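Everything on this sheet refers to the single structure shown next.
The values are calculated or read from the model by the stated rules, or taken from the named source; none is laboratory data. Just so we're clear, the structure is a prediction, and the values are computed from it rather than from any experiment. Ideal geometry is used to build each Cβ from the backbone, glycine not excepted, and the neighbour counts take in all protein chains shown.
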Amino acid sequence: MTKLWGGRFTKQAEEWVDAFGASIPFDQKLVEEDLQGSIAHVHMLKNQEIITEEEAAEIHRGLEAVLAKAKNGELEYSIQNEDIHLNIEKFLIDEIGPVGGKLHTGRSRNDQVATDVHLYVRNHTHTVMQSIRALQQALLLQAEEHVETIIPGYTHLQRAQPISFGHHMMAYFWMLERDYGRFEDSLKRTNISPLGAGALAGTTFPIDRRQTAEELGFDDIYQNSLDAVSDRDFALEFMSAASTVMMHLSRLAEEMIFWSSQEFQFIELDDSFATGSSIMPQKKNPDMAELIRGKTGRVYGNLMGLYTLLKGLPLAYNKDMQEDKEGLFDTVRTLEGSLDIFAGMVETMEVRTEKMAETTSKDFSNATELADYLAVKGVPFREAHEIVGKLVLDCIQSNKYLADLSMNEFKEANEAFEEDIYEVLKPETVVSRRNSEGGTGFDQVRSAIEQGKKVIKQK
Ligand code: ARG
């Protein structure tokens, strides 16, 4: 079979060499973006009188026919036609005859592929942003229900101070809000049209780049044709924002994994997001959370892959750039899947409030309260810290907790202790009193939830 670019060649490559160079096995994913770009291009060619109205109408009809077949899964792609662009051009010519060959006037596959990837990244940025919102909703739901549910807060994975479980959920809400912002921002640089840059230098045809940009919904056009065909920064930005989301999801995954363990028993995952063991009948494994933690590595890898791919490339297009796609597609699929799984997993998890309450009633996470208590009564904080440290040690040695100490024992440690100390030590008191802005105090958490709801409604 002769190639669409076969004119200059005297012999054909062997099939296995063609197969190695082809991108059609994976870039067929861009079929709709490619057709959308071509339709805009043909409209512009007609308006600029580069082709006749009749030719444009024929080509348009042909492209629509190919699009319909694509949607029905009826296209049979061929390796011989190398990539999605040449495959479509061939389908078009099969559909309407030689006039189909006029579509490529004033255009190159280099600006064409760049356009496709821009459209693809733009479309998926929108879906990802929606999925982020859905997960934020699920977090808000749990937060609202559990403002007054208390869990131990940790530093170094050692119990530090008790906190509201709602506050913990909202921490992830705000991370995702920043993620949303990163996609929103990168969209500004994604939604720029490279179409009309030609192979690298522009074209002699009197094209109108602004027309195609407008029809395709781009906000602007690249100012420089070399930059237009060489730029993949927008894909890097997408993959970088995706990596940060995955890092956030992976941290929550890790917490959900140990919260659902026998040791913690803080949550129980819904059966639909857990799996059993083929040998141990008692098992309920948090597979989805583990998988997402694992897939985070792939998404980082894809980002690093694209950075490395681009770093030594001279301007303008180089075939290396064909390698931009598989990692990008993989990142999109992984990210969208992970966000959707997470939204379901968070929404349906059962929070075991009684287990959580049990833990904070039997630990030393209220020790800071004692030190603060003495400090308020005028004892220098360093000294107060020392006094309470000794009390904790005494308790550990005699196998009890701070609230079990008698008034006498408190008085012995420091005269400033009064009867109200028992109230101060209760986990509810500890949490509700941390009412500084952004803190875990119940009132703070309630107002953070309100603010969160407003933020996602605005955008
Ligand atoms: N399949 C190519 C890619 O994915 C399309 C552009 C090819 N251009 C070229 N001059 N070989 O990057």
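Points to keep in mind about this one:
- Condition met for V147 (modelled with pLDDT of 95 or more, assigned to a helix (DSSP H, G or I), hydrophobic (A, V, I, L, M, F, W, C) and not assigned by TED's automatic domain parsing to the domain that holds H41): no
- If you filter segment 186-240 down to residues that are among the β-branched types (V, I, T) and over 25 Å from Y307 (Cβ atoms), you find that the one that is nearest to the ligand (Cβ to nearest atom) is T203.
- Here G276 qualifies as without any contact (Cβ under 8 Å) to a residue 24 or more places away in the chain and either among the charged types (D, E, K, R) or outside the structural domain of I50 (by TED's automatic domain parsing) (or both).
- Counting only helices (runs of 4 or more DSSP H) that fall entirely inside segment 174-273 and contain at least 2 residues that are in contact with a helix residue (DSSP H, G or I) (Cβ under 6 Å, 6 or more places away or on another chain), the qualifying elements are 209-215, 233-259.
- Residue within segment 334-341 that is in contact with a Leu (Cβ under 8 Å, 6 or more places away or on another chain) and free of Cβ contacts under 8 Å to residues at least 60 places away in the same chain present: no
- Among the residues of segment 445-459, those that are of a type outside the set (K, R) and free of Cβ contacts under 8 Å to residues at least 40 places away in the same chain comprise S447, E450, Q451, Q458.
- Summed over segment 71-90, residues that are away from the ligand (no atom under 16 Å from the Cβ) and part of a helix (DSSP H, G or I) total 1.
- Qualifying residue in segment 16-37 (condition: away from the ligand (no atom under 16 Å from the Cβ), outside any helix (DSSP H, G or I) and surrounded by fewer than 17 Cβ atoms within 10 Å (Cβ to Cβ)): no
- Options V445, V431, V351; residue that is within 29 Å of R133 (Cβ to Cβ), in the same structural domain as I163 (by TED's automatic domain parsing) and surrounded by 17 or more Cβ atoms within 10 Å (Cβ to Cβ): V351
- Take the conditions (1) away from the ligand (no atom under 14 Å from the Cβ); (2) surrounded by 19 or more Cβ atoms within 10 Å (Cβ to Cβ); V99 misses just one of them, which is (2).
- Test: residue in segment 355-362 that is hydrophobic (A, V, I, L, M, F, W, C), surrounded by 15 or more Cβ atoms within 10 Å (Cβ to Cβ) and without any contact (Cβ under 8 Å) to a residue 60 or more places away in the chain: no
- The residues listed here are H43, H60; of these, the one that is away from the ligand (no atom under 16 Å from the Cβ), surrounded by fewer than 20 Cβ atoms within 10 Å (Cβ to Cβ), in a helix (DSSP H, G or I) and free of Cβ contacts under 8 Å to residues at least 60 places away in the same chain is H60.
- Close contacts from segment 108-130, counting a first residue that is of a type in the set (A, V, I, L, M) and a second that is within 16 Å of the ligand (Cβ to nearest atom) and outside any helix (DSSP H, G or I), with Cβ to Cβ under 6 Å and a gap of 6+ residues or different chains, come to A114/P194.
- Of the numbered criteria (1) touching a strand residue (DSSP E or B) at 6+ places or on another chain (Cβ under 6 Å); (2) surrounded by 23 or more Cβ atoms within 10 Å (Cβ to Cβ), the one A253 fails is (1).
- Selection of first residues in segment 71-98 that are touching a residue at least 60 places away in the same chain (Cβ under 8 Å) and under 24 Å from D324 (Cα atoms) and of second residues that are more than 16 Å from the ligand (Cβ to nearest atom) and assigned to a loop (DSSP other than H, G, I, E, B), restricted to Cβ pairs under 7 Å at least 6 apart or on distinct chains, gives the following pairs, ordered by first then second residue: Q80/M1.
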